[in-house]
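Data block below; observations after.
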């Protein structure tokens, strides 16, 4: 990676920054866990506190349902998994942005990155249609050159092809790409694809972000633009 673009006022020209969605761009836990708790209530089970179920997010709705039912003390028979998943998606789609909001400072950081030449993309394990619906509801969809869920790629993160597909769809190249994420699936994708990796410390992960492999860790979006520039400079120096 190089630290400078074709114009001094657009130092990130030619750089593609891909973002995970749930737990990275948007705090979706209230609506996701709310939907999980609707299913649990319908099955006669107690609701899970937000803090307990929050780390279960990030591996897709099927994983969230499975871990949620386990945490509620119920065995989820495989034969019922598809029915519960279908019910989850219907309810969640109808309540996709009831309480979900961008993390503090997110929109200002996206604006700053775009203003300095970066191309932005979304690389998420949330299905593409749901991702677009969420971002449109929050007025964020237009900020991204590509929004790629696992159904729009050969495989889901941590497979590197998911990230490679998102970067290519945004018109970028992997030698000038950074992934911003929150969990081990993002680590796996970025490392396998050879991209720079910035983790957020406020996301959804059962392993603390600080304990995961990363090039940089941020605790607030105010830090992101400067961290991106420093990471690009460091990559250029190593090369």
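Being touching a residue at least 12 places away in the same chain (Cβ under 8 Å) and farther than 23 Å from residue 158 by Cα is the filter; apply it to segment 53-72 and report the residue that is surrounded by the fewest Cβ atoms within 10 Å (Cβ to Cβ). Filtering first and then ranking leaves 71.
When you scan segment 166-185, do you find a residue that is free of Cβ contacts under 8 Å to residues at least 60 places away in the same chain and buried (at least 23 other Cβ atoms within 10 Å of the Cβ), even just one? Break it down into steps so the answer makes sense when it comes.
As a first pass, look at segment 166-185 and keep what is free of Cβ contacts under 8 Å to residues at least 60 places away in the same chain: 168-169, 174, 184.
Checking which are buried (at least 23 other Cβ atoms within 10 Å of the Cβ) leaves us with none.
No; the residues of segment 166-185 include none that is free of Cβ contacts under 8 Å to residues at least 60 places away in the same chain and buried (at least 23 other Cβ atoms within 10 Å of the Cβ).
Within segment 12-30, being surrounded by 21 or more Cβ atoms within 10 Å (Cβ to Cβ) and part of a helix (DSSP H, G or I) holds for one residue alone: 29.
Just one of (1) within 16 Å of the chain's Cα centre (by Cα); (2) farther than 22 Å from residue 57 by Cβ fails for residue 231. It is (1).
Tally up the residues in segment 158-182 that are part of a loop (DSSP other than H, G, I, E, B), under 14 Å from residue 194 (Cα atoms) and within 13 Å of the chain's Cα centre (by Cα), please. Total satisfying the criteria: 1.
So, in segment 93-103, exactly how many residues are outside any loop (DSSP other than H, G, I, E, B) and surrounded by 17 or more Cβ atoms within 10 Å (Cβ to Cβ)?
Kept after step one, since they are outside any loop (DSSP other than H, G, I, E, B), are these residues of segment 93-103: 93-94, 101-102.
With the extra rule that they be surrounded by 17 or more Cβ atoms within 10 Å (Cβ to Cβ), the set shrinks to 102.
Qualifying residue count, segment 93-103: 1.
Taking segment 183-206 as the range and being part of a loop (DSSP other than H, G, I, E, B) and either under 15 Å from residue 55 (Cβ atoms) or in the same structural domain as residue 67 (by TED's automatic domain parsing) (or both) as the test, the residues that pass are 183, 201, 202, 203, 204, 205, 206.
State all residues of segment 122-134 that are surrounded by fewer than 23 Cβ atoms within 10 Å (Cβ to Cβ) and modelled with pLDDT of 95 or more; if no residue qualifies, say none.
Let us first name the residues in segment 122-134 that are surrounded by fewer than 23 Cβ atoms within 10 Å (Cβ to Cβ), namely 127-130, 132-133.
Once the filter is applied, which keeps residues that are surrounded by fewer than 23 Cβ atoms within 10 Å (Cβ to Cβ) and modelled with pLDDT of 95 or more, segment 122-134 yields 128, 129, 130, 132, 133.
The listed residues are 200, 167, 187, and the only one of them that is within 19 Å of residue 119 (Cβ to Cβ) and touching a strand residue (DSSP E or B) at 6+ places or on another chain (Cβ under 7 Å) turns out to be 167. The residue that is surrounded by the fewest Cβ atoms within 10 Å (Cβ to Cβ), among those in segment 142-157 that are outside any loop (DSSP other than H, G, I, E, B) and in contact with a strand residue (DSSP E or B) (Cβ under 8 Å, 6 or more places away or on another chain), is 143. Could we say that residue 75 is more than 30 Å from residue 233 (Cβ to Cβ), in a loop (DSSP other than H, G, I, E, B), touching a residue at least 60 places away in the same chain (Cβ under 8 Å) and not assigned by TED's automatic domain parsing to the domain that holds residue 141 here? Considered against the rule, which asks whether it is more than 30 Å from residue 233 (Cβ to Cβ), in a loop (DSSP other than H, G, I, E, B), touching a residue at least 60 places away in the same chain (Cβ under 8 Å) and not assigned by TED's automatic domain parsing to the domain that holds residue 141, residue 75 comes out as no. Has segment 104-120 got at least one residue that is under 18 Å from the mean Cα position of the chain (by Cα) and in a strand (DSSP E or B)? Checked segment 104-120: at least one residue is under 18 Å from the mean Cα position of the chain (by Cα) and in a strand (DSSP E or B).
The values are calculated or read from the model by the stated rules, or taken from the named source; none is laboratory data. Because the structure is a prediction, the values reported are computed rather than measured. Cβ atoms come from the backbone with ideal geometry, glycine included; neighbour counts cover every protein chain shown.
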